[in-house]
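Reviewing the structure listed below.
Since every read-out is calculated from the coordinates, none of them should be taken as a lab result. Note that the structure is predicted; figures quoted are calculated from it, not measured. Heads up, the Cβs are rebuilt from the backbone with ideal geometry, glycines too, and the neighbour counts pull from every protein chain shown.
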Amino acid sequence: MFKRNQRLSLCMRLKNYQQIGGGTINYCYSTDLKSKVLTVYMFTGQGSQHSRMFSDIDSIHPLMKTKTCQSIFFNGTESDEEIMNSFRDFSFPVLRNLNVENIENPPTSLAQPLILIQSILLFERYRELLSKTSRNEEIACMLGHSLGEFTALAACGGVSIEEAIKLVNVRGKSMERNITKEQETDMGMRAIINIPLQLMSDIEKYFTSTNQKESLCPCCDMANINTPQQVVLSGLKSDMDRQISMWQENYKCKLRAIPLNVHLPFHSKYLEPVSIDISNAYDEIDTGNIVRKLQHPIVANTNAKFVNTFAEIKALSIHQVHKPVLWNMSIQSIIEHVRREYHTKDTTPTTLRFIEFGPQKKLEPMISKCCSGGNGLNIESLSFNTLSDVNNYFQ
């Protein structure tokens, strides 16, 4: 533990470890016990699912018995005990009905609602236990990675959890419908790491500029800009090969490409038709009878800006499916916002705490890479991946 009189401008993750439940929560303790703490809630995206993600649920959640969950995962005749056991064992009737062999990587239309449900269960348990303490957690904003943006929308109260499940189920089905099995074999996604500074600088300038001229990624689509050293490409495998070769030649560098274990080319032009289905799904749930407000700002994937209204995040999330996730720029935007709105206006030191909710630790490890300069802030990061993680954290 740091001494009280120590000061760090940037507190990188992994300074202290505590093994909790099924995963490790990485603490980076604030060096000033009197510092002002602002919290950012983060929600993971697709690829974080696994067959043990509900193994420690201790009771059936009302959400699991809703008509939406029944129609997606069950036959409609299951008892409460059968429903809870299906979640615990990851043995849903729909997986058997569809003859899904690899339950670790179920169809997109099932994986997305399952990740959203598990993330919300963790978030709700955290908020429930937090309310029983004397801590007053001030929320700076929320954000999610791709699918996680819809989880953030539910966590912010813009839509109900059941409505969010409907949205991502429609989103997943539309993705599957717009890419044929024949196309799948030729398509994919690749993480590109060890990116030189000049290339990353050009990438970020290109995707945040309103005066885009020649494309910086002409051969395929940019799916994610995750950290200052990593981006993800999406599209035809041959096109991604050409794009990597072009960058290596133009920037005189050697890039490392890692194929991702996904079914579809997420955030690519091939999924642009999905936007129509998401828009229609929004129209079905947002009939104008409810005044929808966000309880907290959401930092949007597609422009890395703070969004304060439901109408704006709705419009952005509709087209997010075929546009890049600007994750690194989003984290930088949050740091700059907190530094400008809080840190420079108050003599009290400011701590910015990022908390991830989801089946696996995916976003938390990226925080330290995105926060290479904290602008005088203390940076902390945690990741909750099981209910046991949350329960033990408050013990």
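Brief remarks on what is shown
- The orientation-averaged projected area of the convex hull spanned by the Cα atoms of the range 181-262 comes to 5.5 nm².
- Arranged from fewest to most other beta-carbon atoms within 10 Å of their beta carbon, S134, S86 become S134, S86.
- Relative packing of peptides 379-385, 93-99 - highest average C-beta neighbours within 10 Å first: 379-385, 93-99
- Screening the chain for DSSP H helices whose Cα atoms reach 15 Å or more along their own axis and whose mean Kyte hydropathy is at least 0.5 gives 108-131.
- Computed label-point distance, nm, for sites T210 and V100 using a 7 Å Cα→Cβ extension: 4.3
- Springs between Cα atoms under 10 Å define the GNM used for the chain, and in it the highest mean-square fluctuation of T151, T351, T180 occurs at T180.
- Over 19 Å (Cα to Cα) - which of K181/K269; K67/K166; K166/K314; K293/K362 fall in this group: K293/K362
- Beta bridges from DSSP with both residues in the chain: antiparallel share about 50 percent, rounded to the nearest 5.
- Remark on M187: its backbone amide H falls under 5 Å from those of K237, a criterion applied only to residues 5 or more positions apart or on other chains, H modelled at 1.01 Å from N.
- Theoretical FRET efficiency, 1/(1+(r/R0)^6), r = Cβ-Cβ of E138 and N194, R0 30 Å, to 0.05: 0.20
- Inter-site label distance for K67 and S279 at 7 Å from Cα along Cβ, in nm: 2.7
- Length gained on full extension, E341 to T185, computed as 0.36 nm times the residue gap minus the Cα-Cα distance: 51.3 nm.
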